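The values are calculated or read from the model by the stated rules, or taken from the named source; none is laboratory data. All of these numbers come straight from a predicted model, not from anything done at the bench. All Cβ positions, glycine included, derive from the backbone under ideal geometry; neighbour counts span all protein chains shown.
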Amino acid sequence: MIKMDYQEIYNKAAYAAINCNKDGVKANQINQLLSIFNSSTSKKLEHTIMLLITFVMRQTSRNLFRKSSSSAIISVLEIVLGENIREEDKKSEIRDFLGLLKWFFEVADKMRINWNARENESFDSIVKDFKKWAIPRR
């Protein structure tokens, strides 16, 4: 499998963030993903990825994530896990994904849009909606 391009990472992070927002995931759950990734002492990145997947599964079983949000996050982690690229590139992809997930989640939370009526979220659709929300009408 080849490396995800930047647009794919942005789109997948946007999609996951919207699902987390729709599902009522709390911001501290997203922060915990980043914390686990950044504090892992494992010498093998694959172990850290599997740890993140296991954390999301555990939090889903505790109803802190719903299936749609956990599936969106886990699918990206599985893609990165299966890529045949350098470990540093994998690490960069996960760091980018988790950071973007956090930022998109924060934006989605502030915008107060009814995400339940929407599908196929992408970076472009969030930017479009953000501009509608942030730029005053004349």
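Within segment 23-40, the set of residues being assigned to a helix (DSSP H, G or I) and under 18 Å from Met57 (Cα atoms) comprises Ala27, Asn28, Gln29, Ile30, Asn31, Gln32, Leu33, Leu34, Ser35, Ile36, Phe37.
The criterion of being at pLDDT below 95, closer than 27 Å to Met111 by Cα and among the basic types (Lys, Arg) holds for Lys12. Return only the number of the condition from (1) free of Cβ contacts under 8 Å to residues at least 40 places away in the same chain; (2) crowded, with 22+ Cβ neighbours inside 10 Å that Ile18 does not satisfy. Evaluating Ile18 over (1) free of Cβ contacts under 8 Å to residues at least 40 places away in the same chain; (2) crowded, with 22+ Cβ neighbours inside 10 Å leaves (1) as the failure.
The rows are residues; the columns are (1) in contact (Cβ under 8 Å) with a residue 40 or more places away in the chain; (2) surrounded by fewer than 18 Cβ atoms within 10 Å (Cβ to Cβ); (3) under 15 Å from the mean Cα position of the chain (by Cα).
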position	(1), (2), (3)
Leu33	yes, no, yes
Ser39	no, yes, no
Val56	no, no, yes
Ala72	yes, no, yes
Asp89	yes, yes, no
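Restricting segment 41-54 to residues that are assigned to a helix (DSSP H, G or I) and of a type outside the set (Val, Ile, Thr) leaves a set whose member that is surrounded by the most Cβ atoms within 10 Å (Cβ to Cβ) is Leu52.
With the requirement that a residue be under 21 Å from Ala17 (Cβ atoms), in a helix (DSSP H, G or I) and among the polar types (S, T, N, Q), what does segment 55-98 give you? Hits for segment 55-98 are Gln59, Thr60, Ser68, Ser69, Ser70, Ser71, Ser75, Ser92.
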